[in-house]
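The structure appears right after this line, and notes come after that.
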């Protein structure tokens, strides 16, 4: 779930931004937060993310408010409960900066025919260092993250447009419609057509 912090923090002079968002975003001792369902508050934060995502996908009446409310609740949990890391090594901070740059690059260019070399070049590092950053920081590979971004965008288009499935696949960077359908089923538990039918029915 990717969103601009101002969605919940408002303008830089707002109390939400100054009291909660800015301290969290600029704290070098908290470059990231790992969430596990075995921890109560972390499970609650993950549930908030799920509610926000579903609200956007289903576009239920007032979904903008519901999305912002769920994300605000999640951010409050992170601000008040996420522990700081003692003596964060400079290498870890450097890796955090690099992964942010590469994630943003993927989110902007997900529909293109990206390679690991291109993703690495966006952060001015080698492909091997790129692989290490992805593995250490978010526990996946660049290609797996790229595929996830493409599938997430495809899910949004399935629910928010009337484009044909093949057109959505191509628009999201999938040249092979069969591969797109298999990948979509692996992530969402059903094919693209069934996913569209279910979400539209749920929104009625």
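The values are calculated or read from the model by the stated rules, or taken from the named source; none is laboratory data. Nothing here was measured: the structure is a model prediction, and the numbers come from that model. Don't worry about glycine lacking a Cβ; one is built from the backbone with ideal geometry, like all the others, and counts go over all protein chains shown.
Can you pull out every residue in the range 167-198 that is under 15 Å from residue 153 (Cβ atoms) and free of Cβ contacts under 8 Å to residues at least 40 places away in the same chain?
Step one: list which residues in the range 167-198 are under 15 Å from residue 153 (Cβ atoms), which gives 167-174, 180, 183-184, 187-188, 192, 195-196.
Selection gives 167, 168, 169, 170, 174, 180, 183, 184, 187, 188, 192, 196.
Residue by residue, here is whether (1) within 17 Å of the chain's Cα centre (by Cα); (2) surrounded by 13 or more Cβ atoms within 10 Å (Cβ to Cβ) holds:
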| residue | (1), (2) |
| --- | --- |
| 99 | yes, yes |
| 112 | no, no |
| 158 | no, yes |
| 171 | no, yes |
| 197 | no, yes |
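Hey, among 35, 93, 25, 103, which residue is out of contact with any strand residue (DSSP E or B) (no Cβ under 9 Å at 6 or more places or on another chain) and modelled with pLDDT of 90 or more?
Working: 35 fails: modelled with pLDDT of 90 or more; 93 fails: modelled with pLDDT of 90 or more; 25 fails: modelled with pLDDT of 90 or more.
So the residue among 35, 93, 25, 103 that is out of contact with any strand residue (DSSP E or B) (no Cβ under 9 Å at 6 or more places or on another chain) and modelled with pLDDT of 90 or more is 103.
Counting only residues that are closer than 25 Å to residue 55 by Cα and not assigned by TED's automatic domain parsing to the domain that holds residue 52, give me the helices (runs of 4 or more DSSP H) lying completely in the range 114-204 with at least 1 of them. Let's see the steps before the verdict.
Values: elements: 116-122, 127-138, 142-160, 165-171, 177-188, 192-202.
Because the criterion is at least 1 residues that are closer than 25 Å to residue 55 by Cα and not assigned by TED's automatic domain parsing to the domain that holds residue 52, the helices (runs of 4 or more DSSP H) in the range 114-204 that meet it are 127-138, 142-160, 165-171, 177-188, 192-202.
Can you give me the number of residues within the range 4-26 that are touching a helix residue (DSSP H, G or I) at 6+ places or on another chain (Cβ under 8 Å), surrounded by fewer than 16 Cβ atoms within 10 Å (Cβ to Cβ) and in a loop (DSSP other than H, G, I, E, B)? First the steps, then the outcome.
Just the residues of the range 4-26 that are touching a helix residue (DSSP H, G or I) at 6+ places or on another chain (Cβ under 8 Å), to begin with: 5-12, 16-17, 20-24.
Applying the additional criterion that residues be surrounded by fewer than 16 Cβ atoms within 10 Å (Cβ to Cβ) yields 6-7, 10-12, 22-23.
Add one more test, that the residue is in a loop (DSSP other than H, G, I, E, B), and what stays is 10-12.
Qualifying residue count for the region: 3.
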